[in-house]
Each structure stands twice: as C-alpha cells, then as structure tokens.
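What follows is a set of notes on a single structure, which appears directly below.
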Amino acid sequence: MNKYSLLTMKDLTKQDILQILDDALLFGTDYKDWQLPRSKALIANLFFEASTRTHYSFESAELQLGCKVADIDVGKSSVTKGESLYDTVKVLESIGYDAVVIRHSQDEYYKELENISIPILNGGDGQKDHPTQCLLDLLTMYQEFGTLEGLNVVICGDILHSRVAASDKEALEKMGATVRFAGPEIWRREGFTPVELDDVIEEADVVMMLRIQKERGSSLGDMTDAEYLERYGMNKTRYARMKDTAIIMHPGPINRGVEFDTDLVEAPKSRYFKQIQNGVLVRKSVIKRAFGYPPFEKENA
C-alpha cells in the first residue's frame, strides 16, 4: 500500500492531522491558487455509493489543483460483470492513473487493495471510516476555537451506523477533546460514551447532529419526524440553551425538520455550509499530501 494513502484516521498521528489542517487553512488564503507541479496528475473517482458533498468536493479540489479527473461510472464498468474491486483498481493503476478516490459500502474495503501501489483516498467505507469528512469537521472546529484540545463535543443521532461518528471519535480523542454521544438507545454503539443531549447541551462547545441512515436500516419506528426533532434533534429550544460561543454542525445531507429545525440550518451558530466549504480545502490538502509534497512553510506564506 502506498505510504501516502489515507484510509482511516488511525493512519494519522496528531502531527499529521495538524499539518493537514494547517495546509488546508493556507489553501484558503495565501496558497489558494497553488497547483500541483505535476499538473498532469490523473485521478480516478470511484464511487459505489451516492454522494454529493464528498464526491464533488473531491472533484472541485482535484480540478483546482490542476489534476485531470475521471469520474468512473460504476454502472458502466466491469464491476457489473463480476470484476473484483482489486482488479478494477489494478486496471486503473495499470492504465496510468496516479491516485484513486473510493467510496464503498463494504467496511474496510481497502484491505483488498494492499498490493496497489498508487495512493488510495478513502471517501467513506461502510460504517467504519470517513477520514476526509472527519478532517473537515476538525478544520471547522479548529477555525472556530483555535485548538481542538479541551473541546467538549457531543455527537447526536444514528451513532450505530455512522462512519462519521467513528472517525470523529478516533481523531478528536487523539487531539485531546472530550467526545460523548447522544440519541435513541437503539442506535448506541459499544465504546461510545452515551449521554442525554438535554443533560449536556449547555456545556457543549460543539453539537454535531447525524443523519438518520435509512439506507443502512435505520428507522424512526413509531416516531414522526416532528417527534424525533422534539426528542433528539436540534430544535429551537436546545439551540437557545447553548453557550453563545458554541456551534452546531452536521456532516450532511440534512433531513430538515428531523435532525435540524429547518430555520436553524443557516442560524448564526450553524457551521453546516462552512463545513462544506472546508471540505474542498481539506481535500486539496490531502491530495497534495498523497502526491508526496511536504507541508507548506507557514513562515513563507
């Protein structure tokens, strides 16, 4: 496996994370026009699951960096003929692609790809990892508070099926934050400290709501959308109880009127669209790293 692949947040040290975040910040300012010296870099985007934010922010980042991009239509590839993921990626490597971004419904799909030599960037796998979403979440908090150490973060919703919750837990604890998890008891996850959102809402620095993942079997059961919002969602009452300095987040896509009161999606404490903007900056940073370029020199910025 290429040493610059990014498969899981476990791959990154605390220093690695800070370097990625610092480069992402510089991509938003002094280095906003920086392009890969190897502007001929070919990147394949291979998405086996539907995606808007991750897919197209990767593509935006790739194009801004001067890469040449191929969006592989899985439905028209030899996967439909029974070709394995390994053989598909090996073909892309063999015909000259320099890196591949993959989203797949299988947990840890990348374990099949150990003999691939080009960098693999994980765009999300099953219920396990979503490293670039995690990094953009961290960047949003880092911008807001200037540090991640000591932050009090509450993640609420469908914890059981969420690769975002898994990646954010791994990284935030590594960076010195406290992370707790709220939501319906049926979606609790072993090793994820459960709390009641209303018990901790006033002390949280960050409250991140998660989407109900119906495609992975989640269901509201007998609850209506309005009842879920009242019991577990970010409604106006909870929003008003939060600290003035606190922020609310969501990895998207938002189910308005379920996880978020629709009036709060663009409220002053909301960073939902800021997270989306940060996704491009983080993915530019990760792609730059994947091609072996060192961190920017901040003193020369």
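Read-outs throughout are calculated quantities, based only on the coordinates presented, and are distinct from any laboratory measurement. Model, not experiment: these values are computed from the prediction. Every residue, glycine as well, gets a Cβ built from its backbone with ideal geometry; the counts of neighbours run over all protein chains shown.
Tell me which aspartates and glutamates have Cα within less than 13 Å of LYS128's Cα, excluding those fewer than 8 residues away on the same chain?
Straight-distance partners of LYS128: ASP107, GLU108, ASP168, GLU170.
Using the Karplus curve 6.51 cos²θ - 1.76 cosθ + 1.60 with θ = phi - 60°, what ³J(HN,Hα) values do you get for each residue of region 245-260, in whole Hz, with x for Gly and Pro?
Coupling constants for region 245-260: 8, 6, 10, 10, 9, 6, x, x, x, 7, 8, 4, x, 10, 7, 9 Hz.
Against the longest principal axis of the chain, how steep is helix 272-290, in degrees 0 to 90 to the nearest 10, with axes from Cα atoms?
30 degrees
Could you compute how fast the chain diffuses translationally, taking Rh as the Kirkwood radius over C-alpha pairs and applying Stokes-Einstein at 10 °C with viscosity 1.306 mPa s? Give it in µm² per second.
My calculation gives 80 µm²/s for D.
Would you kindly calculate the translational diffusion coefficient of region 131-272, applying Stokes-Einstein with the Kirkwood radius from alpha carbon pairs, for 4 °C and a viscosity of 1.567 mPa s, and quote it in µm² s⁻¹ without decimals?
Estimated via Stokes-Einstein, D reaches 87 µm²/s.
Using amide H atoms built in the peptide plane, which far-off residues or other-chain residues are under 5 Å from LEU6 H to H?
Close amide H contacts, sequence-distant or interchain: ILE120, LEU121, ASN122.
Just flag the chymotrypsin sites (Phe, Trp or Tyr not before Pro) in region 245-301 sitting in loop per DSSP whose Cβ has no more than 11 other Cβ atoms within 10 Å.
Those that pass, being in a loop and sparsely packed, number zero.
Skipping prolines and chain starts, which residues have an amide H placed within reach, meaning under 5 Å, of the one on PHE181, given they are 5 or more residues away or on another chain?
Here ILE155, THR193, VAL195 satisfy the definition.
List, in order, the whole-Hz ³J(HN,Hα) value for each residue of region 142-148 obtained from phi through the Karplus relation with A = 6.51, B = -1.76, C = 1.60 and θ = phi - 60°; use x for Gly and Pro.
Listing the rounded values in order: 4, 4, 6, 10, x, 7, 10 Hz.
I'd like to compare 130-139, 24-33: which one has the highest average count of other Cβ atoms within 10 Å, and what's the full order after that?
Highest to lowest by the protection proxy: 130-139, 24-33.
Can you pull a Stokes-Einstein diffusion coefficient for region 1-53 at 37 °C (0.692 mPa s), Rh from Kirkwood over Cα pairs, as a whole number of µm²/s?
234 µm²/s
Taking 45 Å as R0, compute the FRET efficiency from the Cβ-Cβ separation of LYS40 and VAL195 and round it to 0.05.
0.35
Just need the relative contact order of the chain here, percent rounded to a whole number, with Cα pairs under 8 Å and 6+ apart.
22 percent
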